[in-house]
Amino acid sequence: MTFALQRPLKVHQNKTFIGRRAEMHRFQEIEARQEASLVVVYGRRRVGKTELIEQYFRERRLIKFEGLEGASPEAQISHFLYQLSKYTKDPLVSQLKFGSWLEVLDFLGDLVLKGKWTLYFEEIQWLANYSDTFISALKYVWDNKLRHNKELILILCGSSPSFIINKIFHSRALYNRSQYPLLLKEFNLQEIRDFLGPRRSPHEIMDACLTTGGIPEYLKYLKTSSSIFLSLSRESFRQGGFFTDEDERIFISSLAKNPNYQRIIEFLGKRKFSTRDEIAKYLKIKPGGNLTELLKDLETCGFISRYVPYYLKPESMLSRYCITDSFLQFHAKFIRPIKKRIARGDYDEDPTRALPKESYQKWLGFAFERFCQKSHRIFSNVLGFSAVQYRCGPFFSRRTDELNPGYQIDLLFDRDDKVLTVCEIKYTEAAVGTEVINEMDRKLELLLNPKKKSIQRILIAPFGATKA
């Protein structure tokens with residue numbers, strides 16, 4: 001019996017699609033090579049991977065296979081064949097019996113030996129059940145069939161960066177096989193502004209960035225009301241709100257089931273930062289290998305980050321952890337602690353009651369500090385020393401931990417032109433007053449400056465400083 005692919009996926013053009021120019025240019029370069037290519041697109045859930053891939057490759061013959069959340073290998077294979085039967089327009093394909101992924105992928109390979117095809121595997125971690133078996137079978141079929149079609153592009157796409165990196169990038173199976181990795185990140189401020197539209201103020205745009213991290217799908221829900229604050233409250237604190245259970249969906253798609261992942265996020269959500277020993281104590285486990293793997297997985301997914309003082313090497317034991325995923329940070333602080341009350345409908349009438357303005361503004365300040373740390377190149381350019389070599393990051397030490405627990409300068413530039421640029425970051429709703437001078441003086445008292453460099457004090461604040 002002969003089968004053939006007859007009906008590729010039909011994707012309608014999204015005329016409001018914005019951004020992703022660098023990624024689309026990368027796709028153009030890959031196509032221009034005119035060789036079989038294996039593209040690996042990964043990034044956290046809702047970041048827009050599917051939309052990017054489908055919009056760019058929609059005019060190519062696109063064959064897409066989606067994995068099923070939590071399904072067994074047998075169920076994954078059955079669903080794969082069902083999808084394939086739609087592309088062949090032959091229901092008999094869904095009735096075929098295969099004993100392994102190797103047999104299934106080998107069968108698929110015969111259907112794309114010639115012609116301009118794009119094979120697209122969505123949520124690859126679910127298809128593979130987080131194991132090596134699927135990847136090993138794919139390696140065999142790639143080597144023996146797929147790579148011989150110079151017009152073929154194979155796309156592996158997933159919302160689990162830890163799986164992508166550990167099972168694909170670090171796997172010998174697909175190592176260096178015309179592989180093109182593409183990490184899709186959240187929108188930058190300019191793209192957020194374009195997405196939200198011209199009527200939003202710069203302050204609202206920054207609020208949207210700090211609470212959603214520039215995730216396109218989340219930004220869509222911030223457009224539903226007259227203000228970002230009102231939209232955020234309604235989608236977070238009313239029954240059935242889009243954001244209410246989003247943390248569960250993120251963990252399901254990004255990581256294999258282990259309650260300690262969420263417990264770490266829950267713990268870090270209650271504080272600005274924490275040490276490894278503090279996390280271990282909260283989980284009631286030893287600060288050894290198991291904790292190392294948990295923290296490494298969360299780091300790989302971009303949910304948390306480990307950082308050390310700027311003057312120490314990355315492997316230093318003097319380290320702290322914090323949540324770096326903006327949405328998870330917001331969710332852990334404001335939504336998760338009151339989920340039961342949200343489920344009862346306690347805030348349905350006025351969801352803004354669940355987000356106290358003072359507490360929210362203080363939290364925005366912490367989030368803005370982390371945004372500034374990630375945006376250090378912007379500040380070095382604005383301040384005119386981007387051409388100078390520098391090291392940057394937070395400052396704290398064992399001495400400061402002893403004298404003033406919790407002490408930290410959030411952003412400091414140690415410049416090779418003999419200057420320390422020390423930044424005080426304030427996310428306020430009005431101009432900052434002279435009280436900031438005393439705060440800076442207290443921080444500088446504990447600052448190490450063994451080379452006696454000049455100190456440049458910088459205030460980063462949305463409304464600047466008062467005339468005083």
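Quick note: the coordinates plus some simple rules give every number you see, no bench work behind them. Predicted model only: the values in this text are computed from it and were never measured. As a convention, Cβ positions derive from the backbone with ideal geometry for all residues, glycine included, and neighbour counts pool all protein chains shown.
Ordered by packing density, taken as the mean number of other Cβ atoms within 10 Å over each peptide's residues, highest first, how do 37-46, 303-312, 199-208 rank?
Final packing ranking: 37-46, 303-312, 199-208.
How much length, in nm to one decimal, is gained on full extension between ARG7 and LYS374, taken as 0.36 nm per residue of separation minus their Cα-Cα distance? Don't skip to the answer; put the middle values down first.
Details: separation 367, 0.36 × 367 = 132.12 nm, distance 4.49 nm.
Working it through step by step, the gained length comes to 127.6 nm.
Please work out the ratio of the alpha-carbon Rg of segment 153-273 to 2.2 N^0.38 Å and round it to two decimals. Mind dumping the intermediate values first?
Working: Rg = 17.7 Å, N = 121, 2.2 N^0.38 = 13.6 Å.
Taking N as the residue count of segment 153-273, the ratio is 1.30.
Over the chain, what is the relative contact order in percent, taking alpha-carbon pairs closer than 8 angstrom and at least six residues apart?
Numbers: 685 pairs, mean separation 59.6, N = 468.
13 percent.
On a 19 Å Cα-Cα criterion, which of the cross-link pairs LYS97/LYS139; LYS86/LYS167; LYS49/LYS220; LYS167/LYS296; LYS10/LYS64; LYS10/LYS97 come out too long?
On the way: LYS97/LYS139 22 Å; LYS86/LYS167 29 Å; LYS49/LYS220 15 Å; LYS167/LYS296 14 Å; LYS10/LYS64 10 Å; LYS10/LYS97 28 Å.
Where the Cα-Cα span goes over 19 Å, the pairs concerned are LYS97/LYS139; LYS86/LYS167; LYS10/LYS97.
Express as a percent, rounded to the nearest 5, the fraction of DSSP beta bridges in the chain (both residues included) that run antiparallel. Mind showing how you got there, number by number?
Values: 15 of 44 bridges.
In the chain, DSSP labels about 35 percent of beta bridges as antiparallel.
Want the number for ASN381 to ASP132: 0.36 nm per residue separation, take away the alpha-carbon distance, what's left?
Details: separation 249, 0.36 × 249 = 89.64 nm, distance 4.48 nm.
Contour length minus Cα-Cα distance gives 85.2 nm.
Would you mind checking LYS272/LYS357; LYS286/LYS333; LYS185/LYS281 for any pair whose Cα atoms are more than 21 angstrom apart? Numbers along the way, then the final one.
Numbers: LYS272/LYS357 18 Å; LYS286/LYS333 26 Å; LYS185/LYS281 33 Å.
Too far apart for the 21 Å limit: LYS286/LYS333; LYS185/LYS281.
When the gyration tensor of segment 3-66 is built from Cα positions, what are the square roots of 5 times its three eigenvalues, in whole Å, from largest to smallest?
Working: eigenvalues 77, 54, 33 Å².
Result for segment 3-66: semi-axes of 20, 16, 13 Å.
Please give the length that would be gained between LYS185 and LYS339 if that part of the chain were fully extended, namely 0.36 nm times their separation in residues minus their C-alpha to C-alpha distance (nm, one decimal). Provide the component values of the computation, followed by the final result.
Numbers: separation 154, 0.36 × 154 = 55.44 nm, distance 2.85 nm.
Gain in length upon complete extension: 52.6 nm.
Starting from the Cα of ASN438, step 7 Å along the direction of its Cβ; do the same at ASP350; then give the gap between the two resulting points in nm.
My value for the distance between the label points is 3.5 nm.
If R0 is 25 Å, what FRET efficiency do you get for LEU230 and ALA465 from their C-beta distance, rounded to 0.05? Provide the component values of the computation, followed by the final result.
Working: r = 30 Å, r/R0 = 1.20.
Once the sixth-power term is evaluated, E becomes 0.25.
Among the lysines, select those whose C-alpha is under 25 Å from the C-alpha of LYS418, and discard any that sit fewer than 8 residues away in the same chain.
The reachable lysines, counting only those whose Cα sits under 25 Å from LYS418, are LYS313, LYS374, LYS443, LYS451, LYS452, LYS453.
Check cross-link reach from LYS362 to the aspartates and glutamates: straight Cα distance under 13 Å, and skip same-chain residues fewer than eight apart.
Of all the aspartates and glutamates, those that pass the test against LYS362 - Cα under 13 Å, at least 8 places apart if same chain - are ASP207, GLU429.
Rounded to the nearest 500 deg cm²/dmol, what is the calculated helix-only ellipticity per residue at 222 nm for the chain, with -39500 (n - 2.57) per DSSP H run of length n ≥ 4? Walk me through the numbers before you get to the answer.
Values: 20 runs with 191 residues, N = 468.
Rounded to the nearest 500, the figure is -12000 deg cm²/dmol.
Modelling each spin label as a point 7 Å along the Cα-to-Cβ direction, I'd like the LEU447/ASN14 distance in nm, to one decimal.
Taking the simple label geometry, LEU447 and ASN14 are separated by 4.4 nm.
Quick check: the distance between the Cα centres of segment 144-217 and segment 407-454, to the nearest angstrom?
35 Å
Can you give me the pair-distance distribution of segment 179-245, C-alpha pairs, 10 Å bins, whole percents?
Spelled out per bin, shortest first, that is 21, 51, 20, 6, 1.
Pick the calculated volume of the Cα convex hull per residue in Å³ for this structure from [x] 138; [y] 156; [z] 182?
[z]
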